[in-house]
Structure formats: structure tokens, C-alpha cells
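What follows is calculated from the coordinates using simple rules that are stated; it is not laboratory data. Quick caveat: nothing in here was measured; it's all calculated off a predicted structure. Ideal geometry is used to build each Cβ from the backbone, glycine not excepted, and the neighbour counts take in all protein chains shown.
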Amino acid sequence: MIEREASSDIDTGFHIEAINSRGAVFRGEGGDQERELAAQFRARSEALSASSPRTSRIFADLAETYEAEARREDQRSQDVD
């Protein structure tokens, strides 16, 4: 559907839903949880790059979002220490 419709609204909605579906998060130290999610989204992006480039881009964007969140959590953890 994402490839067929080629709609930025659908892309954005998918991205938001993926972030929101994480639910409540119980913090560990630093951004390890976010790095794990980023790696999963990056792998999905790479797997779909040839067959579904638009969907692949959404997963890559999600990976980047979680990588940035991991850096923020790392910094927050250092600030608390």
C-alpha cells in the first residue's frame, strides 16, 4: 500500500504509529534500547531497499530517529551521573 499510494501523509502516519506503538518504556542506562530498535529498523530498510524503496526509506528514517534518541539518552545518562 505504501508503494502504491505514494503518499507523504501515509508515510508520516506509518512513522508516527511505529514510534507510538512502542508504548511505555522503562529506562535502562543510556540509549541501548534505542540502538537495538534502530538496528532492527535499519535491517528492515536494507532488506526492502530493492523491492520497496519508499517503505525502505521510512524504515531508514525510523532508524535515524532512534539513533538520535539513543544519543539523547546517552547524554541524559551522563548528565545524571
Tabulated pairs, the range 1-19, first over 29 Å from residue 33 (Cβ atoms), second surrounded by 12 or more Cβ atoms within 10 Å (Cβ to Cβ), C-beta under 7 angstrom, 6+ apart or interchain = 3/52; 3/54; 3/55; 6/54
Extreme residue, nearest to residue 2 (Cα to Cα), among residues of the range 46-81 that are of a type outside the set (Ser, Thr, Tyr) and within 8 Å of the chain's Cα centre (by Cα) | 59
Residue among 22, 35, 42, 54 that alone is free of Cβ contacts under 8 Å to residues at least 24 places away in the same chain, of a type outside the set (A, V, I, L, M) and surrounded by 14 or more Cβ atoms within 10 Å (Cβ to Cβ) | 42
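Of everything in the range 2-19 that's among the aliphatic types (A, V, I, L, M) and surrounded by 11 or more Cβ atoms within 10 Å (Cβ to Cβ), which residue is nearest to residue 73 (Cα to Cα)? Don't jump to the end; show me each part of the working.
Step one: filter the range 2-19 for residues among the aliphatic types (A, V, I, L, M), giving 2, 6, 10, 16, 18-19.
Still in the running and surrounded by 11 or more Cβ atoms within 10 Å (Cβ to Cβ): 2, 10, 18-19.
Numbers: 2: 31, 10: 29, 18: 19, 19: 16 Å.
Per the criteria, the residue is 19.
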Taking the range 12-45, which residues are more than 13 Å from the chain's Cα centre (by Cα) and among the acidic types (Asp, Glu)?
-> 29, 32
Show the residue pairs that are 6+ apart or on different chains and have beta-carbon atoms under 6 Å apart, the first residue being within the range 58-81 and touching a residue at least 40 places away in the same chain (Cβ under 8 Å) and surrounded by 14 or more Cβ atoms within 10 Å (Cβ to Cβ), the second being of a type in the set (A, V, I, L, M) and not in a loop (DSSP other than H, G, I, E, B).
-> 62/18
